[in-house]
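The values are calculated or read from the model by the stated rules, or taken from the named source; none is laboratory data. Quick caveat: nothing in here was measured; it's all calculated off a predicted structure. Here the Cβ positions follow ideal geometry from the backbone for every residue, glycine too, while neighbour counts run over all protein chains shown. All accessible areas refer to the heavy atoms of the entire protein, side chains included, with ligands and DNA or RNA removed. Shrake-Rupley method; radii C 1.70, N 1.55, O 1.52, S 1.80 Å.
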Amino acid sequence: MEGAAAAAAGGSAVSRPGLAFELKIPFPSSSLAQIALGSLAPDPEPRKEGISKELDVTEDILHVRWRADEARILRVSISSFLEHLCLVVETMDLFGPPMA
């Protein structure tokens with residue numbers, strides 16, 4: 001069931017010790033993906049133990065990977081990230097594409 005929920009969200013569950021989740025977010029261009037990375041990467045996880053999050057960009061795709069010890073911690077982190085992501089995307093839409 002976990003894998004099906006992850007696939008429906010555009011992500012994938014990763015089988016490793018503990019819990020893991022990967023999300024791939026496509027953007028219209030690599031520059032917009034880089035802007036999103038720059039806006040989202042500075043937010044470290046509030047908890048230092050029990051969870052980790054890695055972000056990077058490949059071409060126009062923002063990749064986010066989480067690892068957590070508990071499902072509750074993973075769920076809260078993903079939910080918080082998605083709220084921030086929505087804010088970043090809405091801001092990009094309001095201001096338009098970056099100027100060259």
Residue selected from region 19-49 under the condition in a loop (DSSP other than H, G, I, E, B), surrounded by 15 or more Cβ atoms within 10 Å (Cβ to Cβ) and modelled with pLDDT of 75 or more, by the criterion farthest from the chain's Cα centre (by Cα) = PHE27
Taking VAL88, is it open to solvent by less than 50 Å² (accessible area, probe 1.4 Å), among the β-branched types (Val, Ile, Thr) and in contact with a Phe, Trp or Tyr (Cβ under 9 Å, 6 or more places away or on another chain)?
-> no
Which one of the conditions (1) among the hydrophobic types (A, V, I, L, M, F, W, C); (2) in contact (Cβ under 8 Å) with a residue 12 or more places away in the chain; (3) open to solvent by 40 Å² or more (accessible area, probe 1.4 Å) does PHE81 fail to meet, given that it meets all the rest?
-> (3)
Is region 58-76 home to any residue that is farther than 21 Å from GLY18 by Cβ and surrounded by fewer than 12 Cβ atoms within 10 Å (Cβ to Cβ)?
-> yes
Name the one entry in LEU85, LEU62 that is in contact with a helix residue (DSSP H, G or I) (Cβ under 7 Å, 6 or more places away or on another chain) and part of a strand (DSSP E or B).
-> LEU62
